[in-house]
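Just so it is clear, none of the values below were taken in a lab; they were calculated from the coordinates. All of these numbers come straight from a predicted model, not from anything done at the bench. Cβ: placed from backbone, ideal geometry, glycine included. Neighbour counts: every protein chain shown.
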Amino acid sequence: MAKRFFAEHGIPYTEKDVTTNPSYMDELKEVAGRFITPTLVIDGQVFIGFGMNLGAIQQALRKGGYL
């Protein structure tokens, strides 16, 4: 859902798959404080989950000039 949203809006992103790289799991724990995916970081702001945070995510993307 998040990847499709970013692709549809031409927003660049970096995907870090915690199942393929153990260091990404450590990074997720450090950033989010827990192991929940998807976790999105937009200009330093952390969003845990996509759908329920869509409004706030869109606001952060507008503020950052991505939308």
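When the residues of segment 34-45 are narrowed to those that are hydrophobic (A, V, I, L, M, F, W, C) and loosely packed, with under 12 Cβ neighbours inside 10 Å, which ends up nearest to the chain's Cα centre (by Cα)?
My answer is Ile36.
Where residues in segment 1-33 are in contact with a helix residue (DSSP H, G or I) (Cβ under 6 Å, 6 or more places away or on another chain) and not aliphatic (A, V, I, L, M), which of them is surrounded by the most Cβ atoms within 10 Å (Cβ to Cβ)?
Lys16
Can you tell me how many residues in segment 1-33 are over 12 Å from the mean Cα position of the chain (by Cα) and assigned to a loop (DSSP other than H, G, I, E, B)?
The number of residues fulfilling the criteria is 7.
Of all the residues that make up segment 3-32, how many are closer than 27 Å to Leu67 by Cβ, free of Cβ contacts under 8 Å to residues at least 12 places away in the same chain and among the small types (Gly, Ala, Ser)?
Residues meeting the conditions: 2.
Within segment 50-65, track down each residue that is in contact with a strand residue (DSSP E or B) (Cβ under 8 Å, 6 or more places away or on another chain) and either touching a residue at least 60 places away in the same chain (Cβ under 8 Å) or surrounded by 14 or more Cβ atoms within 10 Å (Cβ to Cβ) (or both).
Those that are in contact with a strand residue (DSSP E or B) (Cβ under 8 Å, 6 or more places away or on another chain) and either touching a residue at least 60 places away in the same chain (Cβ under 8 Å) or surrounded by 14 or more Cβ atoms within 10 Å (Cβ to Cβ) (or both): Phe50, Asn53, Ile57, Ala60, Leu61.
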